[in-house]
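Enquirer: Before we start, here is the structure in question, set down as structure tokens.
The values are calculated or read from the model by the stated rules, or taken from the named source; none is laboratory data. The model shown is predicted, which means the values in this text are computed figures rather than measured ones. When we count neighbours, we look across all protein chains shown, and the Cβ atoms used for this are built from the backbone with ideal geometry, even at glycine. Please note that ligands, DNA and RNA were not included when accessible areas were found on the heavy atoms of the full protein model with its side chains. Shrake-Rupley method; radii C 1.70, N 1.55, O 1.52, S 1.80 Å.
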Amino acid sequence: MTNQISQEELQEQIRYVSHEIRNHLSICDMYSQIIRKNLEKSGIKNDSTENAIDCIQKSVQIIGANLLELKSLNTTNLKILDFKGTLESSIELAKAYVIDKDIEFEVFIKNTSLIQADENKFPACIVNIIKNAIEAIDVKGKIEILAEIKNEIGIIKIINNGKPIPKEKAEQIFTQGYTTKKTGCGLGLAICKKHLNEQNADIKLSKSTKAQTIFEITIPIYQG
Ligand SMILES: Nc1ncnc2c1ncn2[C@@H]1O[C@H](COP(=O)(O)OP(=O)(O)OP(=O)(O)O)[C@@H](O)[C@H]1O
Ligand SMILES: [Mg+2]
């Protein structure tokens, strides 16, 4: 049996993988800049540390360039993970995107269980949704993350009070290429939907008003 992948599918996959890697490279880049600033502020001069930061930033740049030539394909690798722990560490990663904004985070994870998910792709989806929530807030706002296990399903609600999604656009947001941002690709939600579906999980926009935009992710618990 041949399992041939079309040129179009291959290109789509490459774009998706590149997008996710780029998101996380920018976290490395931002934190190395923060370390540099903190050293300056504290008046610490350390050639070796400065060199290390230069190397990290250079590597980030080289990986970015190499992404353009990415040829390999990705697969989903399901593992048994703790729902609460996975969510908490994903939230920490996503907070790196709060720059020059006053955003209050409120996180409430009611209970936990085991889930079966990809240890890279599941957190990456959470990061994408929180990144969007941060980007939807202009200067000041609030992001709430409420999670619980109910009826053997893990439910994660990511809520922000930024600019809402117009009703007529609600269907389009999960289609790749739809963006309202100057520097956006319109890939984040399309990737999340596809990757979550591969993990037997799902995502939907539950509500979007001036007061609240709510994205809801659901994933069945591991039945072992
Ligand atoms: N939490 C949110 N609040 C308001 N609008 C949102 C939110 N999440 C997504 N959107 C809208 O949906 C569009 C598509 O989101 P998506 O994450 O797919 O792409 P993007 O953020 O524009 O670009 P990127 O490819 O960098 O993720 C956004 O441009 C924005 O208009
Ligand atoms: Mg996005």
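Enquirer: Give the number of residues within segment 171-221 that are assigned to a loop (DSSP other than H, G, I, E, B) and within 15 Å of ligand 2 (Cβ to nearest atom).
Expert: Within segment 171-221, residues that are assigned to a loop (DSSP other than H, G, I, E, B) and within 15 Å of ligand 2 (Cβ to nearest atom) number 13.
Enquirer: Please go through segment 165-213 and give me each residue that is β-branched (Val, Ile, Thr) and open to solvent by less than 20 Å² (accessible area, probe 1.4 Å), ordered by number.
Expert: Result: 173, 191, 203, 213.
Enquirer: Conditions: (1) more than 16 Å from residue 94 (Cα to Cα); (2) near ligand 1 (Cβ under 7 Å from one of its atoms); (3) among the polar types (S, T, N, Q). Residue 128 meets all but one. Number of the miss?
Expert: The one condition residue 128 does not meet is (1).
Enquirer: Looking at segment 92-102, is at least one residue open to solvent by 60 Å² or more (accessible area, probe 1.4 Å), farther than 21 Å from residue 143 by Cα and at pLDDT 80 or above?
Expert: No.
Enquirer: Same structure again: Only one of (1) at pLDDT 85 or above; (2) surrounded by 15 or more Cβ atoms within 10 Å (Cβ to Cβ); (3) in a helix (DSSP H, G or I) fails for residue 81. Which number is that?
Expert: Exception for residue 81: condition (3).
Enquirer: Also, quick follow-up: From the list 194, 182, which one is charged (D, E, K, R) and either away from ligand 1 (no atom under 11 Å from the Cβ) or within 12 Å of residue 125 (Cα to Cα) (or both)?
Expert: When all the criteria are applied, what remains is 194.
Enquirer: Out of (1) outside any helix (DSSP H, G or I); (2) open to solvent by 70 Å² or more (accessible area, probe 1.4 Å), what's the single condition that is false for residue 105?
Expert: Only one criterion in (1) outside any helix (DSSP H, G or I); (2) open to solvent by 70 Å² or more (accessible area, probe 1.4 Å) is unmet by residue 105, namely (2).
Enquirer: Criterion first (modelled with pLDDT of 85 or more and surrounded by fewer than 16 Cβ atoms within 10 Å (Cβ to Cβ)) does residue 40 satisfy it?
Expert: So residue 40 fits the description; yes.
Enquirer: In the list 89, 113, 32, 59, which residue meets the criterion of being of a type in the set (Ser, Thr, Tyr), open to solvent by less than 80 Å² (accessible area, probe 1.4 Å) and under 23 Å from residue 191 (Cβ atoms)?
Expert: Just one listed residue meets the conditions, 89.
Enquirer: Residue 146: within 7 Å of ligand 1 (Cβ to nearest atom), in contact (Cβ under 8 Å) with a residue 12 or more places away in the chain, over 15 Å from residue 98 (Cβ atoms) and of a type outside the set (Ser, Thr, Tyr), yes or no?
Expert: No.
Enquirer: Sort out which residues of segment 108-125 are part of a helix (DSSP H, G or I) and more than 16 Å from ligand 1 (Cβ to nearest atom), and write them in order of number.
Expert: Once the filter is applied, which keeps residues that are part of a helix (DSSP H, G or I) and more than 16 Å from ligand 1 (Cβ to nearest atom), segment 108-125 yields only 122.
Enquirer: Which residue is farthest from ligand 2 (Cβ to nearest atom), if the candidates are limited to segment 131-170 and must be assigned to a strand (DSSP E or B) and touching a helix residue (DSSP H, G or I) at 6+ places or on another chain (Cβ under 7 Å)?
Expert: Here the answer is 149.
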